[in-house]
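Undergrad: Questions regarding the structure given below will be posed in turn.
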Amino acid sequence: MNAVTAEALASWLPAPGSDLYYAHLYAPAAERETLAALAALRAVIAEIPATCSAPTIALPKLSWWRDEMGQLARGTPRHVLTRALQGCDPDVPAAGLALVSGIEALLGAPPFASRAARHAALLASHGPLWACALRRCAPAPAAVPGAALALAARVEEAYVLRDVRPLRDGGLQLLSSDSEAAAAQRLGSLPRTAGDWHAAVLREDISDLRHALTAALAALPERRVWRPLATLARLALATLDEIARSGYRVWESRIELTPLRKLWLALRERHGL
């Protein structure tokens with residue numbers, strides 16, 4: 001990590017109580033701050049649409065980050081996170097650019113044709129920054145296994161479905177057409193309020209994702225090595241379970257685990273339980 005003031009950096013790192021905070025709680029001490037900074041960079045870019053009321057507001061913010069990735073590549077970053085990450089991995093600028101470009105391409109686009117298409121899009125956009133983070137966990141320089149990147153994309157799917165409404169308001173249509181078709185068949189001619197319709201679509205999306213996320217986590221090799229990812233996957237899966245118990249009502253309210261439960265899951269992952 002490059003020298004930036006601890007106070008300035010702390011305001012951008014995952015806050016206590018957040019999923020990302022607990023995901024890195026038991027990461028190797030020497031890598032913890034860098035992993036947290038990479039996660040914070042990924043989050044601050046990916047969450048831009050959720051903080052905006054229209055694509056016209058999100059696009060200039062994404063454009064700033066596009067320029068910032070160029071600044072980072074040239075060795076003249078301006079943001080606290082990019083200054084802290086300067087020199088940690090030569091692939092970070094290109095990886096950040098992949099995320100910016102992926103979000104820009106989806107702003108205002110129609111819903112995904114299928115759940116598989118959404119998974120592929122999230123893997124392409126989020127995967128490069130995840131690869132930078134996962135390489136910090138490896139005991140020796142080596143390629144990140146495809147199973148780890150596939151799991152990372154499933155984790156990203158879980159969080160975009162949890163935040164589907166604010167992301168939609170910012171211009172990202174993250175529900176899939178195949179889930180919408182299945183929901184329409186399930187509802188038939190029943191009245192469709194916005195909440196009921198989206199709960200029916202999310203039932204299809206999340207039911208499929210829970211199985212896919214569980215299988216991807218089980219397929220992760222050397223799980224202890226990739227502990228930050230495995231912990232976040234467990235938190236994401238538990239969040240999807242809570243969404244299912246709520247009747248898939250995330251259109252009306254945000255559903256999140258309590259900090260105590262997050263800590264419990266992080267501890268269980270640390271001890272291989």
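Undergrad: Being farther than 22 Å from residue 227 by Cβ, touching a Lys or Arg at 6+ places or on another chain (Cβ under 9 Å) and polar (S, T, N, Q) is the requirement here; does residue 71 meet it?
TA: Numbers: farther than 22 Å from residue 227 by Cβ: yes; touching a Lys or Arg at 6+ places or on another chain (Cβ under 9 Å): yes; polar (S, T, N, Q): yes.
Yes; evaluated as a whole, the condition is true for this residue.
Undergrad: Next question, about the same structure. Find the residue count for the stretch 80-105, including only residues that are closer than 17 Å to residue 8 by Cβ and among the charged types (D, E, K, R).
TA: Number satisfying all stated conditions: 1.
Undergrad: Checking the condition part of a loop (DSSP other than H, G, I, E, B), surrounded by fewer than 21 Cβ atoms within 10 Å (Cβ to Cβ) and in contact with a strand residue (DSSP E or B) (Cβ under 9 Å, 6 or more places away or on another chain), which residue from 50, 109 passes? It would help to see each step written out before you state the result.
TA: Details: 50 fails: part of a loop (DSSP other than H, G, I, E, B).
Within the list 50, 109, the selection yields 109.
Undergrad: Same structure again: Anything in the stretch 167-183 that is over 16 Å from the mean Cα position of the chain (by Cα), surrounded by fewer than 18 Cβ atoms within 10 Å (Cβ to Cβ) and closer than 19 Å to residue 105 by Cβ? List them, or say none.
TA: 169, 177
Undergrad: Looking at the stretch 256-266 only, could you name the residues that are in a helix (DSSP H, G or I) and free of Cβ contacts under 8 Å to residues at least 60 places away in the same chain?
TA: 260, 261, 264
Undergrad: Filter the stretch 134-166 for residues that are within 17 Å of residue 206 (Cβ to Cβ) and charged (D, E, K, R); which is farthest from the chain's Cα centre (by Cα)?
TA: By that ranking, first place goes to 165.
Undergrad: Specify which of the listed residues (172, 123, 161, 151) is at pLDDT below 95, at negative phi and of a type in the set (A, V, I, L, M, F, W, C).
TA: From the options 172, 123, 161, 151, the qualifying one is 172.
Residues are listed down the side, and each one gets a yes or a no for (1) over 17 Å from residue 242 (Cβ atoms); (2) crowded, with 19+ Cβ neighbours inside 10 Å; (3) in contact (Cβ under 8 Å) with a residue 12 or more places away in the chain:
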site: 145; (1), (2), (3): yes, no, yes
site: 155; (1), (2), (3): no, yes, yes
site: 165; (1), (2), (3): no, no, yes
site: 185; (1), (2), (3): yes, no, no
site: 192; (1), (2), (3): yes, no, no
site: 198; (1), (2), (3): no, yes, yes
site: 204; (1), (2), (3): yes, yes, yes
site: 219; (1), (2), (3): yes, no, yes
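Undergrad: Has the stretch 116-136 got at least one residue that is surrounded by fewer than 22 Cβ atoms within 10 Å (Cβ to Cβ) and among the polar types (S, T, N, Q)?
TA: No: zero hits.
Undergrad: Within the stretch 221-255, take every residue that is in a loop (DSSP other than H, G, I, E, B) and touching a residue at least 60 places away in the same chain (Cβ under 8 Å) and give me the one that is nearest to residue 145 (Cα to Cα). Talk me through it step by step, then tell me what you get.
TA: Residues of the stretch 221-255 that are in a loop (DSSP other than H, G, I, E, B), as a first pass: 221-226, 246-255.
Subset that is touching a residue at least 60 places away in the same chain (Cβ under 8 Å): 221, 225-226, 250-251, 254-255.
Working: 221: 8, 225: 11, 226: 10, 250: 33, 251: 35, 254: 33, 255: 31 Å.
My answer is 221.
Undergrad: So, one more: Here is a list: 204, 180. Which entry is under 30 Å from residue 57 (Cα atoms), part of a helix (DSSP H, G or I) and touching a helix residue (DSSP H, G or I) at 6+ places or on another chain (Cβ under 8 Å)? Break it down into steps so the answer makes sense when it comes.
TA: Working: 204 fails: under 30 Å from residue 57 (Cα atoms).
Among 204, 180, only 180 is under 30 Å from residue 57 (Cα atoms), part of a helix (DSSP H, G or I) and touching a helix residue (DSSP H, G or I) at 6+ places or on another chain (Cβ under 8 Å).
Undergrad: Right, another one. Using the structure shown, decide if residue 101 is surrounded by fewer than 18 Cβ atoms within 10 Å (Cβ to Cβ), more than 28 Å from residue 224 (Cα to Cα) and in contact with a Ser or Thr (Cβ under 9 Å, 6 or more places away or on another chain). Give the steps one after another, and end with the answer.
TA: Working: surrounded by fewer than 18 Cβ atoms within 10 Å (Cβ to Cβ): yes; more than 28 Å from residue 224 (Cα to Cα): yes; in contact with a Ser or Thr (Cβ under 9 Å, 6 or more places away or on another chain): yes.
Spelling it out, residue 101 is indeed surrounded by fewer than 18 Cβ atoms within 10 Å (Cβ to Cβ), more than 28 Å from residue 224 (Cα to Cα) and in contact with a Ser or Thr (Cβ under 9 Å, 6 or more places away or on another chain).
The values are calculated or read from the model by the stated rules, or taken from the named source; none is laboratory data. Predicted, not measured: the structure shown is a model, and the values here were computed from it. For neighbour counting, all protein chains shown are included, and Cβ atoms are generated from backbone atoms with ideal geometry for every residue, glycine included.
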